[in-house]
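Asks: Dropping a structure here in structure tokens format, bear with me for questions.
The values are calculated or read from the model by the stated rules, or taken from the named source; none is laboratory data. The structure presented is a predicted model; accordingly, all values stated were derived computationally and were not measured. Using ideal geometry, Cβ is built from the backbone for each residue, glycine included, and neighbour counts are taken over all protein chains shown.
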Amino acid sequence: MTRNNKKFSANLFEMLISWQVITVILLIIIGGVVYFNLGDGTDNSIATANSTGAANPTYDKEIAPIMQNKCAGCHNPGGMRSNSPLDSYKGVMDYIVPGKPADSVLIQKVDGGSMGGFFSPDELDLIKKWVEQGAKEK
Ligand code: HEC
């Protein structure tokens, strides 16, 4: 009799413990899913706002960072293409006709020319839009 009672309470105890464990695990999983979903959403919107989604791109904000990243490695005063530095607004504007992407040597080079492939399609659209809108510095 005593033995049976002990066994019964021991089983009840184990059952309670396992439910608590399951509840805690579920909460961790749900919390994790919510946390990562929110995190992804925030990251994506930051990336779009800072790079290729800009409605009125300027050299200082959107163009300088991608030129620095993709072009200035060679096109800088000490680089392999030092005669055409693209690490400043002034340098870049030597190859841009504001408002006329088709007449701009830089656009001809990156859009199907010998500098094609350095820019992603989004970056190419952005830089064309920037030239069309007058290639503003600020
Ligand atoms: C790996 C080095 C390298 C990178 C990176 C590079 N270029 Fe060039 N670029 C060159 C060389 C070499 C030439 C000359 C040969 C030619 O015109 O194809 C050149 C030529 C040019 C010219 C014509 C002026 C000149 O110097 O003859 C422009 C404009 C230009 N590149 C723009 C760009 C842009 C914009 C990017 C970034 C998307 C870029 N380049 C990335 C090496 C590079």
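Asks: Just checking, how many residues over segment 93-122 are more than 8 Å from the ligand (Cβ to nearest atom), of a type outside the set (S, T, N, Q) and touching a residue at least 24 places away in the same chain (Cβ under 8 Å)?
Replies: 9
Asks: I would also like to ask the following. Among (1) within 9 Å of the ligand (Cβ to nearest atom); (2) in a loop (DSSP other than H, G, I, E, B); (3) of a type outside the set (Gly, Ala, Ser); (4) surrounded by 12 or more Cβ atoms within 10 Å (Cβ to Cβ), where does Asn83 come up short?
Replies: The number of the failed condition is (4).
Asks: Count, please, the residues in segment 52-89 that happen to be over 23 Å from the mean Cα position of the chain (by Cα) and either among the hydrophobic types (A, V, I, L, M, F, W, C) or not assigned by TED's automatic domain parsing to the domain that holds Gly117 (or both).
Replies: Result for segment 52-89: 2.
Asks: Could you tell me how many of the residues in segment 86-123 are part of a loop (DSSP other than H, G, I, E, B) and not aliphatic (A, V, I, L, M)?
Replies: Qualifying residue count for the region: 17.
Asks: Just to be sure I understand, how many residues within segment 30-80 are at pLDDT 60 or above and assigned to a loop (DSSP other than H, G, I, E, B)?
Replies: Number of matching residues: 17.
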